[in-house]
Amino acid sequence: MLMDGFGGITRQQAGIDVMVHLGYPIYVLSIFGIAKLLGAVAILQNKFKTIKQWAYAGFTFNFIGAIMSRGFAGDGIGWILLPLIPLAIMFAAYFFWRKFEKLSAA
């Protein structure tokens with residue numbers, strides 16, 4: 001998400017091509033890029049747990065939105081299901097973080 005956020009802020013050509021294909025305006029790259037950078041920082045920190053949970057929720061919305069956008073754009077099933085991979089990795093990271101928090105509290 002750090003690299004994708006940086007790519008959005010710097011408006012890399014690959015991101016522009018995807019936004020045009022999906023029918024989104026180019027300026028959303030900057031908005032999404034800043035949100036992804038902030039979310040990644042929130043997940044990497046351990047002081048503000050509620051902010052961290054909101055970042056995980058935001059990334060979940062991002063991946064679900066990617067799945068829906070690809071579907072509505074008429075992309076093939078491979079492109080539609082591709083965001084499920086980082087979504088599953090993120091769910092695993094969230095699950096293990098919560099487990100670690102419970103063990104640390106005990």
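The values are calculated or read from the model by the stated rules, or taken from the named source; none is laboratory data. Predicted, not measured: the structure shown is a model, and the values here were computed from it. Note that each Cβ is placed from the backbone with ideal geometry, even for glycine, and that neighbours are counted across all protein chains shown. Ligands, DNA and RNA are excluded from the accessible area calculation, which covers all protein heavy atoms including side chains. Shrake-Rupley method; radii C 1.70, N 1.55, O 1.52, S 1.80 Å.
Once neighbouring chains are kept in place and the probe is 1.4 Å, which whole percent of the accessible area of the chain is contributed by carbon and sulfur? That share works out to 75 percent.
Around GLY33, with a cut-off of 10 angstrom between Cβ atoms, what is the net charge of the other residues, counting Lys and Arg +1 and Asp and Glu -1?
On the way: positive: ARG11, LYS36; negative: ASP4.
So the surrounding residues net to +1.
For region 14-106, treating each Cα as an identical point scatterer without solvent, what Debye log10 I(q)/I(0) comes out at q = 0.13, 0.16 1/Å? One equal scatterer on each Cα of region 14-106 leads to -0.53, -0.74.
In order along region 98-106, the Karplus-derived 3J(HN,Hα) couplings, from 6.51 cos²θ - 1.76 cosθ + 1.60 at θ = phi - 60°, round to 5, 4, 4, 4, 5, 5, 5, 6, 7 Hz, and Gly and Pro are given as x.
If you add up the charges near LYS52, with Lys and Arg at +1 and Asp and Glu at -1, over every other residue whose beta carbon is less than 11 angstrom from its beta carbon, what do you get? Could you put the intermediate results ahead of the total?
Details: positive: LYS47, LYS49, ARG98; negative: GLU101.
Net charge in that neighbourhood comes out at +2.
3J(HN,Hα) along region 25-37, derived from phi through the Karplus expression 6.51 cos²θ - 1.76 cosθ + 1.60 where θ = phi - 60°, amounts to x, 5, 5, 5, 4, 5, 5, 5, x, 5, 4, 5, 5 Hz, with x in place of Gly and Pro.
Each residue of region 69-80 is assigned a 3J(HN,Hα), and the resulting list reads 4, 5, x, 5, 7, x, 5, x, 4, x, 6, 5 Hz, derived from the Karplus form 6.51 cos²θ - 1.76 cosθ + 1.60 (θ = phi - 60°), x at Gly and Pro. Taking Cα centre as origin and charging only the Cβ of basic (Lys, Arg, +1) and acidic (Asp, Glu, -1) residues, the dipole magnitude of the chain rounds to 500 debye. Excluding ligands, DNA and RNA, the accessible surface per residue across region 11-92 is 63 Å² with a 1.4 Å probe.
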